[in-house]
1. Which order do B:Asp117, A:Asp170, A:Asp76 fall in if you start with the one that has the fewest other Cβ atoms within 10 Å?
2. Return, in residue-number order, each cysteine of chain A whose C-beta is not under 4.7 Å from any other cysteine's C-beta.
3. How long are the three semi-axes of the equivalent ellipsoid of the range A:16-107, in whole Å, if each is the root of 5 times an eigenvalue of the C-alpha gyration tensor, listed from largest down?
4. So which DSSP H runs in chain B come out at 18 Å plus along the axis (Cα) with average Kyte-Doolittle of at least -1.0?
5. Please check chain A for the longest run free of trypsin sites (Lys or Arg not before Pro) that are loop-located per DSSP (anything but H, G, I, E, B) and have at most 11 other Cβ atoms within 10 Å.
6. So if each residue of separation counts as 0.36 nm, and I subtract the Cα-Cα distance between B:Ile215 and B:Ile191, what length gain in nm does that give?
7. Along the three principal axes, how long is the range A:204-264 when you take its alpha carbons, biggest first, rounded to the nearest angstrom?
8. Residues with beta-carbon under 14 Å from that of A:Glu75, excluding A:Glu75: net charge, scoring Lys, Arg +1 and Asp, Glu -1?
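FYI, it's all coordinate maths here, none of it is from the lab. Because the structure is predicted, anything quoted here is derived from the model rather than measured. So basically every Cβ, Gly included, is an ideal-geometry build from the backbone, and we count neighbours across all protein chains shown.
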Amino acid sequence: MSVLLELKRLVERPYHRHSRVLSVGGWVERVDNVGGLYLLQILTDSPLSPEPPQFGMVWVPGMEAVPMTLIPAGEDRVAILVRPVGSTTNALAAMRPGKRLMLIGPSGKGLRLRPGTAVVAGGSATTVALAYAASGYRGPYLVATRRASEALALRRLFPSSNEVVTACEDSGCDFLGTAVDAIREGAVDAGAYLIAGPKPMLRGAYTVLRERGVLETSYAVVEVEVRCGTGACGLCRVPGTPYLLCVDGPALPLTDLAAYLGVS
Amino acid sequence: MIVGRVRVEPPVMNASGVVAASAAGALKVEGAGAGAVVTKTFTLRPRRGNKAPMVVPYLGGLINSVGLANPGIGGIREYVEEYRRLGGSLPIIVSIGGETPEEFGELAIAATDAGADAVELNMSCPNVSWTASWEDIASIVKESVAAAKAAGIPVWVKLGFGKGLLREVKAAVDSGADAVVLINTLPAMLIDVWAMKPVLGGVTGGLSGPPIRPIAVKAVWDAYREFGDSIDIVGVGGVDGWEAAAEFILAGAKAVQVGAALSVVGLDVIREIADGLLSYSKKVGRPLEELVGAVHRGLP
Ligand SMILES: Cc1cc2nc3c(=O)[nH]c(=O)nc-3n(C[C@H](O)[C@H](O)[C@H](O)COP(=O)(O)O)c2cc1C
Ligand code: FES
């Protein structure tokens with residue numbers, strides 16, 4: 001190659017490259033009450049194209065931003081599932097179509113699942129399962145909530161062709177008990193798992209999956225405090241690991257999480 | 001390249017406050033091919049920082065109102081020791097933010113005791129109240145450098161762009177600082193016109209990334225023109241590839257730091273800059289050392 005061509009190739013690289021994380025506003029298009037949770041369909045100013053389990057920072061202007069799993073919802077749209085627990089989430093839950101909110105995302109890395117991987121999602125992380133379903137992943141899924149009404153309402157959001165097992169601590173679900181009980185009892189049997197849920201659930205799942213010999217193929221979606229969500233501030237270290245949630249996560253290999261989960 | 005009495009090879013680092021807020025982040029910067037790591041700014045007392053959103057992507061850069069969130073002076077030793085224990089081998093530049101020259105002195109001793117290779121005095125964060133209240137930054141630079149030098153390790157001084165910049169660089173030169181780091185973020189704010197409210201949790205913040213690059217290059221160019229080789233310059237502001245890094249070097253910087261681009265482009269940008277600078281130096285047939293400030297000499 002001539003020197004000039006080489007020089008041209010060096011300089012050709014686009015000067016301003018596409019940003020990995022965008023800041024956009026959005027308009028609420030639709031709000032559905034799903035067993036006490038609120039599913040917000042948002043029309044975004046520009047496309048975010050999240051890949052599960054990527055998340056975004058979402059807020060009502062003037063309020064504190066909170067991390068939320070982004071559910072793909074077609075071009076220029078995303079959805080979020082809100083559990084009203086704090087001031088921002090209460091304000092989000094109270095939003096009506098036509099209202100404006102703000103988003104930064106998508107944050108973290110997408111994780112493409114190998115066919116046959118079971119997605120086990122519990123508590124407020126059930127959104128992770130919805131995000132995979134919306135992206136076309138067929139399951140199997142295990143959706144675990146405390147109350148049956150919530151699990152059954154969530155169940156209706158999955159395409160009917162998806163394999164979804166529900167687990168709750170009162171009657172009405174496919175399985176009576178917690179997510180960890182359900183995995184232990186074989187309610188969803190797979191060679192690999194993606195576990196999303198509160199820390200005690202991840203800890204329980206870690207032990208069961210280790211006994212099963214499928215730890216190496218499995219991942220967990222981890223929740224730690226997220227301050228910026230852009231990978232810039234570096235304040236979201238997952239304790240006991242070399243990982244930053246917004247850079248490496250939110251899905252991390254389960255084998256690397258022993259110290260974080262406090263299991264020996 | 002020897003920069004401010006520290007060997008930084010390749011001459012590319014992360015910018016303070018970006019990614020390397022913990023030893024885990026520092027190891028990522030090392031893994032990405034940097035020649036040194038710069039810590040988040042440590043203050044005497046722990047700081048929680050501002051509420052989210054505290055970093056907003058903007059025009060290929062970022063506006064942040066992090067507000068120096070850090071664990072305080074006690075975190076310095078923990079950071080440096082953990083970085084070394086986990087196998088970190090690069091020179092480590094501990095950024096410190098004092099409210100007074102005495103505090104800079106105290107923080108510099110803590111950094112030295114912890115095994116830092118240099119301290120970078122952050123005299124220019126737009127997100128804390130005390131720097132805004134400094135009336136005569138040049139004299140504070142002078143006293144703070146003197147206090148920090150007593151600790152014995154190289155002292156770098158990080159300054160912000162403003163009318164008094166050259167006076168502040170002169171104060172750093174006169175007080176025997178080993179390098180100046182130019183520049184910090186520029187004061188900025190964003191307003192959501194529909195909500196009619198500020199976007200950032202901290203209301204105002206600092207702009208970084210490509211939008212501030214020409215200003216940062218000018219700051220480096222000015223400082224080199226005025227002070228030449230009497231102080232080393234580290235260029236920072238909108239470096240998002242090797243051409244941008246080369247601009248800073250030609251203007252007079254011996255090394256560059258990369259902030260916003262680590263998030264906007266990704267950590268791999270560090271290796272791309274390091275490799276790109278090397279091929280550029282080969283293509284133009286001169287070692288990087290000779291290219292420092294070349295634009296002032298009209299090479300080739
Ligand atoms: C999220 C964020 C946090 C920062 N925190 C600090 C800090 O703690 N100390 C400091 O001296 N500069 C801090 N800065 C400023 C950067 O070190 C750098 O000077 C500035 O961002 C310009 O470089 P860039 O355009 O490459 O980002 C921060 C910048 C960003 C984006
Ligand atoms: S919160 Fe993850 S990098 Fe800032």
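1. Working: B:Asp117 21, A:Asp170 12, A:Asp76 15.
Lowest count first: A:Asp170, A:Asp76, B:Asp117.
2. Cys with no partner Cβ under 4.7 Å: A:Cys236, A:Cys246.
3. Values: eigenvalues 83, 36, 30 Å².
Ellipsoid half-lengths, sorted descending, are 20, 13, 12 Å.
4. Working: long enough: B:101-114 (20 Å, 0.11); B:213-227 (21 Å, -0.17); B:269-283 (20 Å, 0.00).
Within chain B the helices that satisfy the rule are B:101-114, B:213-227, B:269-283.
5. Working: sites that count: A:Arg112, A:Arg156.
Between the exposed loop sites, the longest stretch runs A:1-111.
6. 6.3 nm
7. Cα extents, longest axis first: 38, 19, 16 Å.
8. -2
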